[in-house]
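The structure appears right after this line, and notes come after that.
No lab work stands behind these numbers, since they all come straight from the coordinates. What you see is a predicted model, and the numbers here were worked out from it, not measured in a lab. A quick note on method: Cβ atoms are made from the backbone with ideal geometry, for glycine too, and the neighbour counts reach across all protein chains shown.
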Amino acid sequence: MARKVPTRASIKKNMITEKKPRAKRGSKPSKFYIQYVDQNGEEIDKGYSSRGGYENALNRFNEKQFKINDHGSYTPGGKRISDVSNGNVMKGPIDMAYSIIDEENKTGVIVQSNWNVPRQAYTSRLYGGLNNYYKIVEPDGITSLEGHNIFKTKNNKRIMIDGREFDGAGWPVIE
């Protein structure tokens with residue numbers, strides 16, 4: 001007697017198990033909040049369950065130049081902790097000799113990791129290295145140069161295709 005070979009459809013049918021119901025979107029309690037004024041002048045209070053979503057929203061609102069009245073996080077008890085006073089406060093001046101500031105496309109966000117302690121000023125910074133992809137980020141958050149093979153190394157200095165020199169730590173070489 002010949003043995004019956006199961007079909008794909010019968011295999012899939014037998015493998016189907018009862019799926020667990022997914023949580024509804026937005027069912028998590030908010031951990032972060034943003035109060036802002038939209039383009040119509042209406043005050044809106046939005047909640048976010050993840051830090052990434054909260055930070056992306058803050059960046060979007062800053063780019064669109066919405067007025068942010070308050071933002072921060074919630075305690076486990078539900079009280080608000082405001083981060084308005086803890087925002088990006090400049091530590092000092094921007095070194096214009098070693099930075100390219102974009103006058104047309106300002107982000108309004110100062111990149112805190114561009115604070116150059118020896119210079120006591122914000123300068124351009126070379127970031128990257130993963131898969132040989134590099135970018136130069138200016139203090140105002142604008143990327144002025146990015147890509148593969150954007151520099152040549154000479155005497156422990158990285159000389160960019162636009163002529164600027166950066167050291168191994170990503171700081172501009174200041175003479």
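Structure summary
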| read-out | value |
| --- | --- |
| Value at 222 nm in deg cm²/dmol, rounded to 500, when DSSP H runs of n ≥ 4 in the chain each add -39,500 (n - 2.57) | -3500 deg cm²/dmol |
| Total formal charge among the other residues, if their Cβ is under 14 angstrom from that of TYR36, Lys/Arg +1 and Asp/Glu -1 | -3 |
| Cα-based equivalent ellipsoid, the chain: semi-axes from gyration tensor eigenvalues, Å | 45, 31, 14 |
| Net +/- balance of residues flanking GLU165 in space, Cβ distance below 11 Å, scoring K and R +1, D and E -1 | +2 |
| Cα-derived Rg to Rh of the stretch 96-166, Kirkwood definition | 0.96 |
| Over the chain, relative contact order from alpha-carbon pairs under 8 Å, at least 6 apart, % | 12 |
| Whole-Å distance, taken between Cα centres, linking the stretch 38-88 and the stretch 108-174 | 30 |
| Size of electric dipole in the stretch 38-86: Cβ of Lys, Arg +1 and of Asp, Glu -1, about Cα centre, debye, nearest 20 | 160 |
| Per-residue ³J(HN,Hα) for the stretch 130-140, Karplus 6.51 cos²θ - 1.76 cosθ + 1.60, θ = phi - 60°, Hz, x for Gly and Pro | 5, 6, 6, 9, 10, 8, 9, 10, 8, x, 8 |
| Candidates ASP162, ASP45, ASP102, ranked by Gaussian network fluctuation over the chain, Cα under 10 Å, top entry | ASP162 |
| Whether the stretch 32-78 is rounded, prolate or oblate, judged on the alpha carbon gyration tensor where a/c under 1.5 counts as rounded | oblate |
